[in-house]
Structures are given as structure tokens and as C-alpha cells.
Amino acid sequence: MNSEHICDISLAITGSGGAGSITAGELLLSLAGKNSCFGMMRRSFGPQIRGGEAAALIRISHRAVECMNDSFDLLLALDWNNADRFAEEIALRPDSLIIADPAAGDIPEAFQELGVEIIEVPMKALAKDITAGRPNMVALGLLSHWLGFCSDEAGKLIDQVFGRKGEEVTGGSRAAFTAGFTEPLIVAAREARPRPERGDPGNRGTRWHFNGNQGCGLGAIRGGIRFAAAYPITPASDLLEWLSPRLEQLGGSLVQAEDELASINMVIGASFGGVPSMTATSGPGLALMTEAMGLAVASETPAVVVNVMRGGPSTGIPTKSEQVDLNMAVYGLHGDAPHLVLGALDHADCILTTEWAVRLAEALQTVAIVLTDQNLAQSTVLIPEPKYELPEIPARVIAQPTDGYQRYEITDSGVSPMAIPGTASSTYVADGLEHTESGKPSTAAADHLAQLEKRSRKIQSFDFGGHWADIRGVGQTAILTWGSSSAVAREAGARLRAAGHEVKVIALRLLLPASPEKLAGELENVSRILIVEQSHSKQFHHYLRAFYDFEADTRTLARPGPLPITPAEIVEKIENWS
Amino acid sequence: MDQAAQQIALTPKDFKSALKPVWCPGCGDFAVLNAITKALAFMGLPREEVALISGIGCSSRIAAYTSVYGFHGVHGRALALASGLKAARGDLTVLVAGGDGDGLSIGGNHFIHACRRNMDMTYIIMDNEVYGMTKGQASPTTAPDWADSKLTPHGTGIRPFQPAGLALTAGASFIARGFTGDPNGLAKILVAAIGHKGFSFVQALSPCPTFRPEQMLWKHHVKAFDQEISSNPVEAAQRIQADDGMSTGIIYQNERPVFRPGTGVDNGMGSIESEFTI
């Protein structure tokens with residue numbers, strides 16, 4: 001099977017709020033899994049809290065995909081209410097197809113320009129004839145037929161999902177599905193086109209189905225997080241909501257704080273109490289937390305902050321993605337404050353990176369900021385079970401009862417045993433004031449230097465192992481990227497390799513501390529470097545220039561959100577290098 | 001044994017650290033430190049099971065002067081830090097102490113929410129109606145016509161907070177006022193406050209001899225509340241409003257549900273991982 005024969009279809013379902021486009025999308029993605037496919041789905045909403053329009057953007061493929069494709073093959077519109085809001089996000093090609101309901105009125109100009117083929121199916125009318133039938137289930141049937149999915153599996157899924165709503169809803173949904181699945185116009189149009197391959201039976205088996213926020217949550221509890229403090233902020237709230245009942249299940253807890261200043265300080269307090277702790281936020285919230293993160297660094301209290309990036313500055317574009325909090329994560333703390341910054345590269349990596357961050361923060365008694373973005377956080381993937389192995393990382397070093405205990409004792413590693421309240425004879429006062437080894441406040445130059453060096457040494461001398469970056473391929477051309485742009489760059493790399501280019505894709509997972517020697521080793525034979533990021537001011541590029549030296553011809557592909565960078569943009573930049 | 005016997009034998013002095021306070025001679029905060037250590041010794045609490053959390057300011061230095069676990073955090077956030085600690089470690093006795101600026105200005109939001117949340121902890125505001133650490137600026141409890149600060153040379157022109165009233169409105173379940181000129185009385189209040197199940201708030205009138213020398217006359221104005229402790233918030237509000245802010249004693253105490261997040265029962269990861277599979 002060569003790559004051209006691999007089924008890889010991108011489709012969008014749009015509709016007014018309540019029309020059920022998201023439900024149809026979710027069911028279609030689940031069906032993809034039952035038909036030996038993989039996939040991902042992004043949700044796009046208008047700005048309304050309720051009742052606005054919504055679009056499910058879906059990619060279904062015979063191989064695991066980690067990013068959206070360049071354009072869409074098919075747009076199904078349940079109606080056209082405000083659908084032009086999505087026009088930018090749903091790029092169609094002349095050979096794309098639109099399925100629309102004639103009752104919904106004229107197709108917006110933005111979707112007509114390319115002269116795309118349009119099939120009109122009266123979804124609303126078909127549903128109306130069925131008791132408890134809904135147009136979105138007709139749509140699910142149409143799309144399932146288009147994708148060559150098995151209708152029996154769809155029936156089972158409908159029973160499973162709607163079963164608790166009773167026989168009428170289940171029966172209506174099944175009948176509406178069948179009306180769509182057997183709709184003559186679609187059946188004929190399908191016949192006229194090459195059939196998409198059914199999934200490779202070798203791809204059967206368990207799928208993992210989750211979004212990036214859930215991935216971070218799982219990584220956090222695997223890493224040992226048992227307390228979280230939360231202040232709601234888009235697009236991090238659903239990570240906190242995910243954690244709340246699960247921390248409780250694990251004997252821990254989550255507290256909703258009065259603001260982000262409180263949530264980060266609660267995290268520090270709980271961690272001081274010996275319980276691995278975290279919070280999650282987004283840009284504006286991270287800005288509020290930076291002062292207390294300095295306290296965690298100075299007092300050497302482990303703390304984890306997952307920051308889900310969104311369009312900024314200020315309220316910016318809260319529901320859309322942008323890689324723009326790198327500067328703040330790396331440079332935002334006051335004073336000389338060595339800490340950790342990690343960036344998750346894809347959905348599966350949200351699990352790994354967050355678990356790694358928790359373990360590192362605990363071992364090194366410092367702050368770890370995990371950067372993800374709206375793109376990862378709120379899109380869902382259907383992938384094989386993510387498997388990874390983290391290197392052995394020591395747990396938090398706990399002080400035993402000791403007379404003459406010194407909390408900030410100067411050690412070779414820079415890590416000092418931490419006494420947990422309840423431990424007799426080792427009481428101490430954690431302090432954000434500069435201090436002596438015992439914790440006594442001190443303004444002495446020697447104490448300041450000794451403690452600065454200790455806090456720096458524990459991070460600089462730690463062996464972070466091979467997880468500092470994810471590296472794919474070899475070649476004299478390197479794509480250097482981070483965060484959710486990594487999956488896009490990897491797909492671009494695969495396409496470039498298929499076209500005969502030798503390309504190495506390097507995605508940095510560990511951003512602070514930087515790994516200049518490791519990266520220099522990877523770039524030894526590289527003559528061209530393309531830096532890819534979703535930031536107008538090229539934050540990643542400037543970060544790289546601050547911490548690394550490049551001899552190769554270095555260029556950037558940097559642009560702001562909200563539209564995701566596409567594999568095609570990267571391919572074009574490399575192919576038209578000169 | 002004998003650990004218990006040993007603990008009972010602890011004296012107030014055992015609850016003090018070897019550090020010499022940075023406070024000025026005559027500062028009321030010395031008496032707060034003495035009252036805390038007296039109360040802890042009287043209650044026979046093991047040192048390692050007590051945590052004293054503070055923010056920033058002269059009075060917030062207090063954590064380092066005790067021998068219990070402590071955290072000297074950032075300005076205004078002591079209550080938040082303490083709430084996280086108490087949520088994670090419900091077994092600890094948690095005390096929080098700091099100044100009027102730390103608690104009512106920069107930390108005001110945490111104050112009202114800590115009152116409302118009613119976690120089992122004790123908060124002491126050492127109130128001298130001035131920012132001392134930064135050399136004498138008006139705080140939220142300073143009278144509007146106090147014109148001795150270069151920052152507000154005509155006075156603030158803003159009416160001060162009444163901390164007890166604020167605490168009552170926000171939902172604190174124990175409210176008291178003490179005076180550092182009466183350290184034994186303050187210690188007794190603290191014993192009751194620490195023993196109270198829920199959020200207990202103690203305003204300690206603590207004169208600043210350096211920036212508010214006129215407060216050294218407080219001893220002539222302070223008097224005891226002549227009424228029993230009220231459990232009725234309406235009555236307590238009237239009492240607070242009718243008072244000149246110089247009456248001491250326990251004003252209000254009312255049992256209400258204490259916020260304790262989580263159950264502490266670990267049911268394992270199993271079902272969580274399987275949620276991810278389809």
C-alpha cells in the first residue's frame with residue numbers, strides 16, 4: 001500500500017448551536033476507530049456561550065495522525081447560520097465536495113468561490129419523517145456511507161451512546177442514520193468516485209481517544225499529583241474539571257481558588273505539606289502566577305503549572321491557539337530563578353511531558369511549567385495506545401528527623417532533603433527571603449551566592465537523558481520546532497522524505513534548561529535550519545538565539561494564530577529554499 | 001511514652017526559635033509572638049504538627065521566630081498558601097499571621113474568601129494601621145485624616161475597613177479582637193480560636209512605636225466587650241458597628257460546616273486509565 005492509496009480524508013460538519021454537528025463529529029470519530037482507522041477532531045465554536053454556531057473539523061486516516069491536514073475534502077453543512085465565520089478555518093479545494101441541505105438556503109459566497117461540487121440532501125426533511133429523528137444523525141449516515149464505514153458498527157454505537165435516553169431516541173437515531181446511509185444521491189455520488197480503502201485489518205485493536213487536556217491530566221496523576229488548585233480560564237478549565245473527580249478518586253483533592261494568585265499559592269502550600277501539587281492556567285493566569293513561582297524557586301518547593309496557550313496578549317483570542325507564552329515561561333520570573341519549562345509535542349506527548357515535569361519538579365524541588373496550547377488541549381485524537389518510558393527519576397528527597405536539620409543545606413547535587421510537616425525535630429521555615437543553609441533570612445553576599453549556585457546547580461547538573469527532544473529522520477536540512485507545531489513539522493518531514501528530500505525534524509521538549517551541546521550534536525551535519533512556530537514575534541526563534549549557536553543557514557516560518565500552521569506551508573518553505 | 005508526656009512538658013519558650021526579631025523596641029508584635037507560643041504550649045501541641053504561615057511585612061516575620069513548621073511566603077498570599085497546606089494536610093494545626101496591609105489590602109481577596117471557605121485554621125492580623133516595613137504608609141485600617149505619610153500627605157481621605165465587620169460579612173465562624181498590651185488575654189483568645197472548628201479570625205491591636213507612636217496610648221482606650229460571645233450574626237454586626245474598634249474579646253462564634261476537600265480514600269488508578277480506551 002503506498003501513501004497515495006492510504007485513505008486520509010478531512011471533513012467539516014457545521015451547524016448552529018444545538019444542531020448537533022459536534023455530536024455527529026464525535027460519533028464519526030468513534031466509528032473511525034471501529035473501522036480500523038485513526039483520526040482527530042477539532043471543535044470550533046463561535047464566541048457565544050450557548051446557541052452559537054459550531055463546527056467539527058475531522059481528519060480520518062488509515063495511519064495515526066497528529067495534526068490537521070492542509071485543506072478539507074468535504075464540508076457538510078446542517079445549516080448555514082453564521083457558517084462564514086468558519087470559512088477561514090475550512091479551506092476547500094476545487095475538487096472538494098459540499099453536502100448541504102437545500103432548506104438551509106443559499107450557500108455562503110465564501111464557500112462558493114472555488115466552484116466546489118455541491119450535493120443537496122434534504123437532511124432536515126428526511127429527519128422530520130422519522131420519530132425522534134434528527135438531521136445530525138442523517139448527516140452521520142451520509143458521512144459513514146461516504147467513508148465506507150460499516151453500518152452495523154454505527155447501530156451498535158448509537159445504542160451505546162443514546163441507550164440511556166430510551167427506545168424512542170435510539171430508534172429514531174438509528175432510523176435517521178439509515179436514511180442518510182442509504183440516501184440515493186450520496187450513494188450515486190459515492191459510486192462515481194474512487195472508493196476509499198477500508199481500514200487495514202492490521203490496524204484493529206484498542207484505540208486511545210482523548211484530548212490534550214485529558215492527556216496532561218493523566219500524565220499529572222501518573223506523575224503523582226494528588227492536589228490541584230484551580231481558577232477557571234479558557235482553554236485550561238476542562239483540564240482542571242477533568243482532574244477534580246479523579247484526584248478525589250485517588251485520595252487527593254482539588255480546590256477552586258478565588259483567583260490565580262491563590263491557586264498557585266495553594267499549590268505551594270500543599271506541596272510544602274508533602275503532596276505533589278499542580279495548577280493549570282492560560283497566558284493571563286500565568287502572568288498572575290509568576291510572582292509566586294519565584295517564591296517556589298527560592299523556597300525550593302516543587303510546583304507544576306500547566307499553561308495552555310491561547311491567542312494573546314490580554315484576553316486576545318481565548319478559544320484559539322497560538323504559541324506565545326514561551327517568553328513568559330522562560331523569562332517571566334523575577335530575579336535569577338532557575339526553573340523548568342517543557343513543551344508537549346502532540347496529544348500522546350501531553351501524557352509523557354506532564355508526567356516527566358511532575359517527576360522533575362519533585363526531584364529538583366523547583367517549578368516546572370508545562371506548555372501546551374488550545375490546539376492540543378481541545379482537539380481529540382484517536383490513536384494507538386501511547387507508550388513511553390521515562391528515565392529513572394529520584395522521588396522528592398525527604399528529610400528524616402534530624403537534630404540540627406538544615407533545610408537549605410549546600411549539597412553536591414544542589415538538592416537538599418526536605419522535611420515534611422509532621423516530621424519531629426526537623427521543623428524549619430521555608431522562606432522567599434534569601435537565607436542561610438538553615439533557612440535564616442540573610443542579606444550576606446556569600447549566602448546569596450551559595451544559594452543561587454545551589455539552585456542553579458541542581459538543575460544544570462541533572463542528567464535529563466534523551467527526552468530533551470524528539471528527533472525524526474536524518475539529513476542536512478533540519479526543521480526545528482516545538483509544541484503543537486511539532487506534529488505538523490513531522491508530517492511535513494514525512495512528505496518531504498517521500499518526495500526525495502532528506503529532512504531531520506527536531507522538536508524540543510525540554511526548553512529550560514536548554515541543551516546546547518545536545519542540539520549542537522544533532523546539528524553537526526546540518527546546513528539548513530528552518531525554525532517553525534506559531535508566533536508573530538518569533539518567540540521560539542529568539543529563544544533559540546539566546547541559548548544556542550547556529551552555523552547553518554537559518555530561516556524562520558513564524559506566523560500568528562488563530563489558523564494552524566499546515567504541513568504544506570513547511571513543505572513549500574523547504575522546497576523553495578534558495 | 002512518653003512523647004505525650006514530653007510534649008506536655010513544652011514551655012512557651014520551646015516554641016520560640018533562636019532568631020532575634022527585627023521588630024523595633026516596644027513593638028506590639030513581640031506580645032503576639034508571646035501569646036502564640038503561650039497558647040501552643042498551653043494546648044500541648046507537638047511543634048511538628050503546627051504550621052505558621054505568613055506573608056510579607058514586619059509582622060509576617062513572625063514565622064521565623066517560632067520553632068514550628070513555617071512558611072514566609074509572598075506579600076498578601078499567606079491565607080492562600082495556608083489553605084493549600086490545610087487542604088493537603090488536614091492533620092496539621094494551621095496558623096496564619098500578618099499585618100493589616102498584607103491581609104486587608106494586597107491580600108483582601110484571599111481574606112474574604114478564606115472567611116467564606118471556613119477551613120479549620122486561625123488567622124491573626126497584627127493591626128497597627130500602618131505599613132511599617134516600607135517605612136510608614138497608610139493601610140486599609142488607617143484613619144482617613146492620618147497625614148504623616150509622604151505618600152498621602154493630606155491623609156487617605158478614605159474610610160478604613162473594620163476588620164471584624166468584614167470577617168463577619170464574609171462568613172468567618174469565629175471573630176475576636178485582642179490587644180498586645182494584654183498578652184495573657186490575647187493568649188486565651190488564641191486558645192479558643194485554635195480550638196474552634198472552622199476559620200477563626202483574631203484581630204490583634206498591635207501598636208507601632210516607630211510610625212504610629214500615638215498608638216502607645218491605646219492602652220488607655222482598650223476595654224473588654226461587656227457582652228457574652230454571640231452566635232447571632234445580626235447581633236454581632238450591631239456590636240461591631242456600635243463599638244469604636246477598641247473593645248477586646250471574642251465577638252462571634254458559630255459552628256458551620258468546615259470545608260475539607262476530598263475524602264482521603266484512595267480508590268486507585270484503574271478505571272481512570274480505561275476511560276481513555278475505546
Exercise. Go through region B:251-268 residue by residue and tally those that are loosely packed, with under 12 Cβ neighbours inside 10 Å and small (Gly, Ala, Ser).
Key: 1
Quiz item: Out of region A:154-172, which residues are closer than 17 Å to residue A:139 by Cβ and within 32 Å of the chain's Cα centre (by Cα)?
Solution: A:154, A:155, A:157, A:158, A:161, A:162
Quiz prompt | Count of region B:105-133 residues which are surrounded by 24 or more Cβ atoms within 10 Å (Cβ to Cβ) and touching a Pro at 6+ places or on another chain (Cβ under 7 Å) | solution = 3
Self-check item: Restricting region A:173-207 to residues that are surrounded by fewer than 15 Cβ atoms within 10 Å (Cβ to Cβ) and within 14 Å of chain B (Cβ to nearest Cβ), the residue that is modelled with the lowest pLDDT
Solution: A:204
Quiz item: Out of (1) more than 24 Å from residue A:11 (Cα to Cα); (2) small (Gly, Ala, Ser); (3) in contact (Cβ under 8 Å) with a residue 40 or more places away in the chain, the odd one out for residue A:148 is which?
Solution: (1)
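Here is a yes/no grid of residues against (1) within 14 Å of the chain's Cα centre (by Cα); (2) assigned to a helix (DSSP H, G or I); (3) without any contact (Cβ under 8 Å) to a residue 60 or more places away in the chain:
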| residue | (1), (2), (3) |
| --- | --- |
| B:167 | yes, yes, yes |
| B:177 | yes, no, no |
| B:185 | no, yes, no |
| B:193 | yes, yes, no |
| B:197 | no, no, no |
| B:200 | yes, no, no |
| B:209 | no, no, no |
| B:215 | no, yes, no |
| B:227 | no, no, yes |
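Picking from A:239, A:288, which residue would you name as being surrounded by fewer than 20 Cβ atoms within 10 Å (Cβ to Cβ), closer than 30 Å to residue A:44 by Cβ and more than 7 Å from chain B (Cβ to nearest Cβ)?
Selected residue: A:288, the only one of A:239, A:288 that is surrounded by fewer than 20 Cβ atoms within 10 Å (Cβ to Cβ), closer than 30 Å to residue A:44 by Cβ and more than 7 Å from chain B (Cβ to nearest Cβ).
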Quiz prompt | residue B:101 crowded, with 24+ Cβ neighbours inside 10 Å and free of Cβ contacts under 8 Å to residues at least 12 places away in the same chain | solution = no
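Table: residues versus (1) free of Cβ contacts under 8 Å to residues at least 24 places away in the same chain; (2) of a type outside the set (Lys, Arg).
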position	(1), (2)
A:512	no, yes
A:531	no, yes
A:555	no, no
A:570	no, yes
A:576	yes, yes
Quiz item: From A:383, A:393, which residue is surrounded by fewer than 24 Cβ atoms within 10 Å (Cβ to Cβ) and either within 14 Å of another protein chain (Cβ to nearest Cβ) or modelled with pLDDT under 95 (or both)?
Solution: A:383
Self-check item: Residues that are in contact with a Lys or Arg (Cβ under 7 Å, 6 or more places away or on another chain), more than 29 Å from residue B:77 (Cβ to Cβ) and not polar (S, T, N, Q), drawn from region A:391-434
Solution: A:393
Quiz item: How many of the residues making up region B:48-90 are within 16 Å of residue B:20 (Cβ to Cβ), more than 7 Å from chain A (Cβ to nearest Cβ) and not in a helix (DSSP H, G or I)?
Solution: 2
Quiz item: Looking at residue A:39, is it modelled with pLDDT under 95 and over 15 Å from residue A:146 (Cα atoms)?
Solution: no
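I'm trying to understand the selection: among the residues of region A:227-236, which are more than 7 Å from every other protein chain (Cβ to nearest Cβ) and either of a type in the set (A, V, I, L, M) or over 16 Å from the mean Cα position of the chain (by Cα) (or both)?
Residues satisfying the conditions are A:228, A:230, A:231, A:232, A:233, A:236.
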Quiz item: Quick one: residue A:320 ticks every box in (1) touching a strand residue (DSSP E or B) at 6+ places or on another chain (Cβ under 6 Å); (2) at the interface with chain B (Cβ under 10 Å from one of its Cβ atoms); (3) not small (Gly, Ala, Ser) bar one, so which box is it?
Solution: (2)
Exercise. Being of a type in the set (A, V, I, L, M), buried (at least 24 other Cβ atoms within 10 Å of the Cβ) and free of Cβ contacts under 8 Å to residues at least 60 places away in the same chain is the filter here, so list the residues in region A:255-283 that pass it.
Key: A:255, A:257, A:262, A:264, A:266, A:267, A:268, A:270
Practice problem: Please verify whether region A:208-226 includes one or more residues that are away from every other protein chain (no Cβ under 14 Å) and buried (at least 24 other Cβ atoms within 10 Å of the Cβ). | Solution: no
Quiz item: On the given criteria, is residue A:126 closer than 30 Å to residue A:212 by Cβ and buried (at least 18 other Cβ atoms within 10 Å of the Cβ)?
Solution: no
Quiz item: Taking residue A:16 and the conditions (1) touching a Phe, Trp or Tyr at 6+ places or on another chain (Cβ under 7 Å); (2) more than 18 Å from residue A:141 (Cβ to Cβ); (3) hydroxyl-bearing (Ser, Thr, Tyr), which numbered condition does it fall short on, given that it satisfies the others?
Solution: (1)
Exercise. Give just the number: which of (1) more than 24 Å from the chain's Cα centre (by Cα); (2) without any contact (Cβ under 8 Å) to a residue 24 or more places away in the chain does residue A:91 not satisfy?
Key: (1)
Exercise. Would you mind stating whether residue B:55 is farther than 19 Å from residue A:419 by Cα and modelled with pLDDT of 95 or more?
Key: yes
Quiz item: Applying the selection to region A:258-275, what residues are of a type in the set (A, V, I, L, M, F, W, C) and more than 7 Å from chain B (Cβ to nearest Cβ)?
Solution: A:264
Quiz prompt | Search result, residues across region A:156-172 that are closer than 19 Å to residue A:33 by Cβ and either of a type in the set (Val, Ile, Thr) or surrounded by 16 or more Cβ atoms within 10 Å (Cβ to Cβ) (or both) | solution = A:157, A:158, A:161, A:162
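Conditions tested, residue by residue: (1) assigned by TED's automatic domain parsing to the domain that holds residue A:361; (2) at positive phi; (3) in contact with a Phe, Trp or Tyr (Cβ under 6 Å, 6 or more places away or on another chain); (4) modelled with pLDDT of 95 or more.
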| site | (1), (2), (3), (4) |
| --- | --- |
| A:477 | no, no, no, yes |
| A:480 | no, no, no, yes |
| A:483 | no, yes, no, yes |
| A:532 | no, no, no, yes |
| A:562 | no, no, no, no |
| A:570 | no, no, no, yes |
Quiz prompt | Single condition residue A:526 does not satisfy, out of (1) in contact with a Lys or Arg (Cβ under 8 Å, 6 or more places away or on another chain); (2) within 21 Å of residue A:368 (Cα to Cα); (3) in a loop (DSSP other than H, G, I, E, B) | solution = (2)
Self-check item: Members of region A:427-471 found to be part of a loop (DSSP other than H, G, I, E, B), of a type in the set (A, V, I, L, M, F, W, C) and surrounded by 16 or more Cβ atoms within 10 Å (Cβ to Cβ), listed by number
Solution: A:433, A:462, A:464
Self-check item: Extreme residue, farthest from residue A:217 (Cα to Cα), among residues of region B:245-278 that are facing chain A (nearest Cβ under 10 Å) and of a type in the set (Asp, Glu)
Solution: B:266
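The values are calculated or read from the model by the stated rules, or taken from the named source; none is laboratory data. Values in this document were obtained by computation on a predicted structure and should not be read as measured data. So basically every Cβ, Gly included, is an ideal-geometry build from the backbone, and we count neighbours across all protein chains shown.
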